[in-house]
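What follows is one structure encoded as structure tokens, with my remarks underneath.
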Amino acid sequence: MGNKHGNLSINSDNIFPIIKKWLYSDHDIFYRELISNGCDAITKLKKLDLMGEYELPEDYEPKIQILVNPEEKTLKFIDNGLGMTADEVEEYINQIAFSGASDFLEKYKDKASEEQIIGHFGLGFYSAFMVADEVHIDSLSYRKDAAPVHWTCDGGTEFDMSDGSKTTVGTEITLFLNEDCLEFANEYRAKEVIQKYCSFMPTAIYLAKENAPEEYETIPADEVTDKDKVIETIVEEAKFEEKENEDGTKEQVEVSPRTEKAKIVKRPVALNDTQPLWAKHPNDCTDEEYKSFYRKVFQDYKEPLFWIHLNMDYPFNLKGILYFPKINTEYDSIEGTIKLYNNQVFIADNIKEVIPEFLMLLKGVIDCPDLPLNVSRSALQNDGFVQKISDYITKKVADKLSGMCKTDKESYEKYWDDISPFIKFGCLKDEKFCDKMNDYILFKNLDDKYLTLPECLKTEEETTDTDNAEAESADNAGTDSDNTESSSADMDTEDSADETEAEKDTRKPVYYVTDRQQQGQYIKMFQEQNMDAVILDHNIDTSFITQLERRNEKIKFVRIDADLTDSMKEDVSAEDLKEAKDTLTETFRKALNNEKLNVTVEKLKNADISSVITLSEEGRRMQDMMKMYGMAGMDPSMFGGDQTLVLNANNELVKYILEHKDTEHVPVFCEQLYDLALLSNHPLTPDAMSKFVARSNKIMLLLAK
């Protein structure tokens with residue numbers, strides 16, 4: 001071939017400065033690109049062998065070797081793939097396979113901080129110039145009678161190419177590191193980077209320090225293979241001891257057998273796992289393998305709750321494992337890590353365009369060779385194919401969860417408290433996921449029993465049926481009492497004249513509690529009437545139930561302090577209580593110095609209850625929203641969120657106030673009764689609590705006189 005000197009075929013002289021600055025925070029990415037190129041070369045050679053166009057040696061062992069040399073400040077990448085001829089070096093190295101550096105610069109000028117895959121632009125090899133002042137290539141093609149090639153470039157736009165001296169098929173790339181990047185010739189740093197990007201590449205990767213003294217290990221002699229370099233054979237002869245028999249005779253008994261060991265040059269250990277668990281069929285994986293893989297990849301020694309193995313070939317190729325991590329306390333971070341791979345090559349963590357946002361709470365790996373990674377992030381976001389992948393992953397997660405709820409409810413209930421924030425967040429972020437999970441969301445009731453939404457409705461329906469059996473019997477004739485949907489629909493037809501009101505009226509209530517201690521009085525009232533409620537005490541629940549109501553037009557969630565249900569009251573008309581209401585309203589407004597106070601009077605079945613506070617569901621949610629957005633100090637009555645004091649006309653204290661409204665101590669009793677009602681609804685302010693305590697002492701003194 002002779003020597004050749006030439007210019008690299010690029011449209012501009014500034015390609016190398018661009019590469020050196022490109023992905024500045026991720027200089028280590030060159031490892032991935034050069035190792036990937038070596039893997040590709042090996043894959044192609046194996047394919048040629050399969051097609052009969054080349055015959056691999058019998059002892060062929062595909063591998064990538066990386067040699068670090070901190071003294072010489074060099075780094076070598078050696079593969080035994082198909083190699084290159086001089087013409088191929090000319091085509092693949094001297095002519096960069098993209099439309100020009102200026103186009104490249106234009107396309108990525110705003111993307112300097114974003115991860116990109118340079119291999120897809122024909123630039124994989126050139127990533128070496130991010131860290132090297134000079135790069136050499138030595139290659140020998142698999143082709144018959146091919147001559148070895150030696151290529152050098154010092155980071156300018158000129159190269160030199162001449163006959164080489166390589167004697168084995170494959171390619172060796174030598175990087176002469178610049179002073180800023182000498183860390184990459186450190187064996188421990190090299191190992192760290194290779195494990196970051198290449199832990200699961202399909203070809204074995206070995207790392208060694210060049211010219212390091214040989215290390216040795218001792219193995220049983222019968223385990224020596226042809227590949228082992230034996231330094232010496234160590235023989236330990238059998239050992240005998242004299243033993244006396246029962247008849248007094250003595251004999252030699254072997255206590256340890258003869259052993260033969262071999263001292264060999266230490267076998268190299270690959271840094272990667274060429275057959276990652278996600279590449280196997282789920283039926284071939286054991287629980288222990290899943291747990292071990294989780295520990296290894298995520299360095300998390302708390303066992304995952306369970307996992308989903310994705311394995312799809314059509315209409316696109318996607319494999320992976322998603323783990324539901326165990327969150328021990330509310331202080332644990334629930335931010336997960338989803339690692340994205342392309343043909344076992346690590347791309348990045350948490351690429352939100354591919355992985356639905358709510359799944360970011362999980363930990364897992366996804367390998368999608370079909371992913372269009374040779375485009376910018378913005379294009380990824382708008383790519384229909386990428387959306388299909390995202391939808392598929394969401395569907396598989398929903399299928400796994402709903403399947404578990406149907407077939408292994410006991411386990412599902414056991415995991416529920418850990419996974420419910422994730423599922424609720426998913427329902428808020430993804431309507432399709434919400435619809436799929438609708439009947440498999442669990443609610444814990446007052447007896448700590450888990451119910452699905454249909455079961456909550458059924459329970460409520462049964463309670464209503466028991467209380468109103470006679471009134472309902474005609475309406476329910478010929479319907480299936482278990483069919484929640486049909487009974488809702490029947491109710492919907494009762495009044496078609498005013499559709500909005502009809503819909504409002506036929507929404508079935510699901511009562512809920514946000515604080516079991518604080519709302520204890522209301523819970524007691526509910527239980528006295530054999531009514532149930534569910535516990536919703538997570539900060540995501542307010543938004544979550546609003547979403548569920550949007551997706552389920554037949555239900556409404558009502559906190560148990562939003563109103564008093566008819567089952568708690570005696571059947572008395574408002575007219576009969578009008579006089580008491582007017583008198584008590586005037587008395588309480590005057591005593592509390594609050595002309596806006598809402599007061600209503602009911603005859604409650606439980607005469608021990610003097611008063612309760614109710615706040616409409618809409619008003620309370622508005623208050624929650626105001627707190628969330630930092631508007632807690634605003635007057636909730638502006639949004640119709642004012643509370644109502646409900647007084648029990650059957651209670652002796654309320655009767656006393658009604659009959660002695662003008663006496664000296666009634667204002668104190670009114671204030672105390674109001675604060676007691678507030679206390680069973682929410683904590684008092686520090687000032688109100690101080691007054692309450694002082695007033696309690698005053699009342700006790702009155703009683704003591």
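The values are calculated or read from the model by the stated rules, or taken from the named source; none is laboratory data. What you see is a predicted model; the values in this text were computed from it and never measured. Backbone-built Cβ (ideal geometry, glycine too); neighbour counts: all protein chains shown. When the accessible area is computed, the model is the full protein with side chains, heavy atoms only, and any ligands, DNA or RNA have been set aside. Shrake-Rupley method; radii C 1.70, N 1.55, O 1.52, S 1.80 Å.
Please find, within segment 197-249, the residue that is least open to solvent (accessible area, probe 1.4 Å) out of those that are of a type in the set (F, W, Y) and under 28 Å from E58 (Cα atoms). Across segment 197-249, the extreme among qualifying residues is F200. So, of the residues in segment 550-568 that are in a helix (DSSP H, G or I) and open to solvent by less than 30 Å² (accessible area, probe 1.4 Å), which turns out to be nearest to V612 (Cα to Cα)? In this case the residue turns out to be M568. Just the residues that are surrounded by fewer than 18 Cβ atoms within 10 Å (Cβ to Cβ) and modelled with pLDDT under 90, please, taken from segment 68-93. Of everything in segment 68-93, those that are surrounded by fewer than 18 Cβ atoms within 10 Å (Cβ to Cβ) and modelled with pLDDT under 90 turn out to be D87, E88, E91, Y92.
The set of residues in segment 591-604 being surrounded by 15 or more Cβ atoms within 10 Å (Cβ to Cβ) and either assigned to a loop (DSSP other than H, G, I, E, B) or of a type in the set (F, W, Y) (or both) consists of L597, K603.
Of the strands (runs of 3 or more DSSP E) lying entirely inside segment 285-348, those carrying at least 1 residues that are surrounded by fewer than 21 Cβ atoms within 10 Å (Cβ to Cβ) and modelled with pLDDT of 90 or more are 306-312. All of (1) open to solvent by 50 Å² or more (accessible area, probe 1.4 Å); (2) of a type outside the set (G, A, S); (3) out of contact with any strand residue (DSSP E or B) (no Cβ under 9 Å at 6 or more places or on another chain); (4) at pLDDT below 80 hold for P372 with one exception: (1). Considering segment 569-590, the residues that are among the hydroxyl-bearing types (S, T, Y) and either closer than 24 Å to E617 by Cα or without any contact (Cβ under 8 Å) to a residue 60 or more places away in the chain (or both) include one that is surrounded by the most Cβ atoms within 10 Å (Cβ to Cβ), namely T585.
Taken as a whole, the structure leaves D635 outside the set of residues that are within 50 Å of the chain's Cα centre (by Cα), under 22 Å from G520 (Cβ atoms) and modelled with pLDDT under 90.
Residues in segment 182-196 that are free of Cβ contacts under 8 Å to residues at least 12 places away in the same chain and either acidic (D, E) or open to solvent by 80 Å² or more (accessible area, probe 1.4 Å) (or both): E183, Y188, E192. Tallying residues that are open to solvent by 20 Å² or more (accessible area, probe 1.4 Å) and either in contact with a strand residue (DSSP E or B) (Cβ under 7 Å, 6 or more places away or on another chain) or at pLDDT 85 or above (or both) within segment 117-139 yields 4. Those residues that are part of a strand (DSSP E or B) and more than 20 Å from G81 (Cβ to Cβ), I need them from segment 123-161; list them, please. Within segment 123-161, A132, D133, E134, T152, C153, E158, F159, D160 qualify. The set of residues in segment 672-690 being in contact (Cβ under 8 Å) with a residue 12 or more places away in the chain, open to solvent by 60 Å² or more (accessible area, probe 1.4 Å) and either outside any helix (DSSP H, G or I) or over 21 Å from G520 (Cα atoms) (or both) consists of H682, P683. Applying the criterion of at least 2 residues that are of a type outside the set (V, I, T), at pLDDT 55 or above and surrounded by 14 or more Cβ atoms within 10 Å (Cβ to Cβ) to the helices (runs of 4 or more DSSP H) found wholly in segment 444-540 leaves 453-467, 520-528.
Close Cβ contacts (under 6 Å, 6 or more residues apart or on different chains) running from residues in segment 535-562 that are under 12 Å from R507 (Cβ atoms) to residues that are among the β-branched types (V, I, T) comprise I555/V510; F557/V510; F557/I545. None of E192, E172 is on the phi < 0 side of the Ramachandran plot and assigned to a strand (DSSP E or B) except E172.
All of K388, K424 fail the test of being at pLDDT below 90, assigned to a helix (DSSP H, G or I), open to solvent by 10 Å² or more (accessible area, probe 1.4 Å) and closer than 23 Å to N311 by Cβ, apart from K388.
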